[in-house]
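The values are calculated or read from the model by the stated rules, or taken from the named source; none is laboratory data. Quick caveat: nothing in here was measured; it's all calculated off a predicted structure. Methodologically, a virtual Cβ is constructed for each residue, glycine included, from the backbone with ideal geometry; neighbour enumeration extends over all protein chains shown.
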Amino acid sequence: MILRDKKGRSFQVSAYRPEDEPFLKRMYDDFTPKARFQGMPPENGAVRCRWIDRLLRYGRNFLAWNDIRVVGHVAIMPDPVCNDAEYLIFIDKIHRGAGIGRALTEAAIDCARDLRLRRVWLTVDAYNFPGIRLYRHMGFRFREEHSSVTERTMELIL
């Protein structure tokens, strides 16, 4: 389904397919700033490729597309032992704040529910106010016992 962001640009969200890999890697090659929070996405190209490969191998991944270009990526990394998943999201700089993150997050939450996970959690920079606003809007709440001055842990109970 074709969606429109807050700036009127068309985009669509789809589950990752193996043939999407070069487009996803291109997004991360062009991504700025790199390594800003917790070293992600990694600056070094070889390390970044291994990081992406790990997300694709162990996670459930969704991409936001603007025509033939990937402009956003969300992954949930399920942990069957804890029955939960870590959540990671990255949006191309010029597409941030336009609603693409919300669409990707909805896809990730729907996937977590389909997997019958009990919660989804994330770590966010304490000063990433736009991200925190999105996560709160989607139902995530702070877990103070796992937070620090510079990073906050949030969770969504499903």
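Worth a mention:
For every residue, the table says whether it meets (1) farther than 26 Å from TYR28 by Cα; (2) small (Gly, Ala, Ser); (3) exposed (fewer than 14 other Cβ atoms within 10 Å of the Cβ).
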| residue | (1), (2), (3) |
| --- | --- |
| VAL71 | no, no, no |
| ILE89 | no, no, no |
| LYS93 | no, no, yes |
| PHE142 | yes, no, no |
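- ALA64 being surrounded by 14 or more Cβ atoms within 10 Å (Cβ to Cβ), free of Cβ contacts under 8 Å to residues at least 40 places away in the same chain and within 15 Å of the chain's Cα centre (by Cα): no
- Qualifying residue in segment 95-104 (condition: under 25 Å from PRO42 (Cα atoms), in contact (Cβ under 8 Å) with a residue 40 or more places away in the chain and either basic (Lys, Arg) or touching a helix residue (DSSP H, G or I) at 6+ places or on another chain (Cβ under 8 Å) (or both)): yes
- With a requirement of 1 or more residues that are more than 21 Å from ALA15 (Cα to Cα) and either modelled with pLDDT of 95 or more or of a type outside the set (S, T, N, Q) (or both), the helices (runs of 4 or more DSSP H) lying completely within segment 39-158 that satisfy it span 45-58, 129-137.
- Odd one out for GLU43, checked against (1) surrounded by fewer than 14 Cβ atoms within 10 Å (Cβ to Cβ); (2) touching a residue at least 40 places away in the same chain (Cβ under 8 Å): (2)
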